[in-house]
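J.: If you scroll down you'll find the structure; I have some questions about it.
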Amino acid sequence: MEKNIALITGSATGLGKRTAIELAKQGINIVVNFITSLESANELKKFIENNYPVEVIVVPGDVSYYSECEKIVKTAQDKIGKINILVNNAGTYVFERKDMIDYDLQEWEKVIQVNLNSVFYLSKLIIPTMRENRWGRIINIGFDRAENSPGWKYRSAFAAAKTGLVSLTKTLSIEEAEHGITVNMICPGDISANFKEANIDDVREIKDDYTPIGRPGTGEDIARMIAFLCDRYSDFITGSIIQVTGGKDVLNKYKYQT
């Protein structure tokens, strides 16, 4: 059986990087995508190749543009083979807290393009190959309770994009089920920048009063769930919106403070 090949968007750093490592542990070949983090991408490639018997390539490209997505997919196919796992990890976010009316046009469009349109672009390019092989995995990234379409003050563009992605996830899961393709969404908890590349054991002794489980979340928490969904025996799970939050209400993060 040929090895699987996973394209992980925005994977030179953060959750994408931790996911690349986790999938490499499972023997999956990796396409590391980035925009500007070439040095980090090459460091990740070297780390994976030194530790796991898989192939890794690094491919630059801004997934908010269809033409760039075409280049990413073509480069990957030419260099490593046909992609059958797509992890739509890339996402942009406006950190400034402001009402929707105060977003400028470029901010709004960029958030929608990266968080929603890119999933359409890459799925459209990659699903035909998955259909040919009668097997594929697509994993999208959301936010806590995205399936309920909650209002999120000051995060209007991000929330709109991700809740739209919930519907797209469920629609694709229905359309592609007969082709052996599953489509799911992972909704991470409030994982701080310091822990996005961390292992679970790194935080076992760190107390987090805001999270019911009592410790901070890590990149490994998210990556393990992604790896599970990529497994061939996880084919009965599709159209699911899976919370990985440690029990925290992320939109009301101080609810559990003691």
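The values are calculated or read from the model by the stated rules, or taken from the named source; none is laboratory data. Just so you know, these numbers come straight off a predicted model, no measurement behind them. Don't worry about glycine lacking a Cβ; one is built from the backbone with ideal geometry, like all the others, and counts go over all protein chains shown. Side chains included, ligands, DNA and RNA excluded: accessible areas come from the protein's heavy atoms. Shrake-Rupley method; radii C 1.70, N 1.55, O 1.52, S 1.80 Å.
J.: Let me test this: with uniform point scatterers at the alpha carbons of region 11-159, what is the Debye-based log₁₀ I(q)/I(0) at q = 0.12, 0.20 1/Å?
T.: Calculated log10 I(q)/I(0) at the listed q: -0.55, -1.28.
J.: Just to be sure I understand the rule: take each whole DSSP H helix in the chain, project its Cα atoms onto its long axis, keep it if the span is 18 Å or more and its mean Kyte-Doolittle hydropathy is at least 0.0. Which ones pass?
T.: Helices meeting the span and hydropathy rule in the chain are 118-133, 156-176.
J.: Follow-up. Over its Cα atoms, what ratio of radius of gyration to 2.2 N^0.38 Å does the chain give?
T.: Dividing the Cα radius of gyration by 2.2 N^0.38 Å gives 0.97.
J.: Going Cα to Cα from Lys45, which lysines come in below 21 Å? Please leave out same-chain ones fewer than 8 positions away.
T.: Cross-link targets: Lys3, Lys17, Lys25, Lys71, Lys74, Lys79, Lys82, Lys196.
J.: Given a 1.4 Å probe and every protein chain left where it sits, what share in percent of the accessible area of region 171-258 is carbon and sulfur?
T.: 48 percent
J.: Continuing with this model, one more query. I'm checking a number: the convex hull volume of the Cα atoms of region 129-212, normalised per residue, in Å³. What is it?
T.: Taking the convex hull of the Cα positions in region 129-212, it is 148 Å³ per residue.
J.: Below 15 angstrom from the Cβ of Arg134, what's the summed charge of the other residues (Lys, Arg +1; Asp, Glu -1)?
T.: Cβ neighbours under 15 Å give a net charge of -2.
J.: For region 41-128, place one equal point scatterer on every Cα, skip the solvent, and apply the Debye formula. What is log10 of I(q)/I(0) at q = 0.10, 0.24 Å⁻¹?
T.: Here log10 of I(q) over I(0) equals -0.35, -1.20.
J.: Send over the semi-axes of region 168-251's equivalent ellipsoid, whole angstrom and largest first, taken as the square roots of 5 times the C-alpha gyration tensor eigenvalues.
T.: Over the Cα atoms of region 168-251, the semi-axes work out to 29, 13, 9 Å.
J.: Per residue of the chain, what 222 nm ellipticity follows from adding -39500 (n - 2.57) for every DSSP H run with n ≥ 4, rounded to the nearest 500?
T.: -12000 deg cm²/dmol
J.: On alpha-carbon atoms, Rg over Rh for region 82-231 using Kirkwood Rh?
T.: Ratio of gyration radius to Kirkwood radius for region 82-231: 1.00.
J.: Could you calculate the contour length gain from Glu178 to Asn51, that is, 0.36 nm times the residue separation minus the distance between their Cα atoms, to one decimal place in nm?
T.: Length difference between fully extended and current span is 42.1 nm.
J.: Give me the mean projected area, in nm² to one decimal, of the convex hull enclosing the Cα positions of region 79-148.
T.: Averaged projected area of region 79-148's Cα convex hull equals 6.7 nm².
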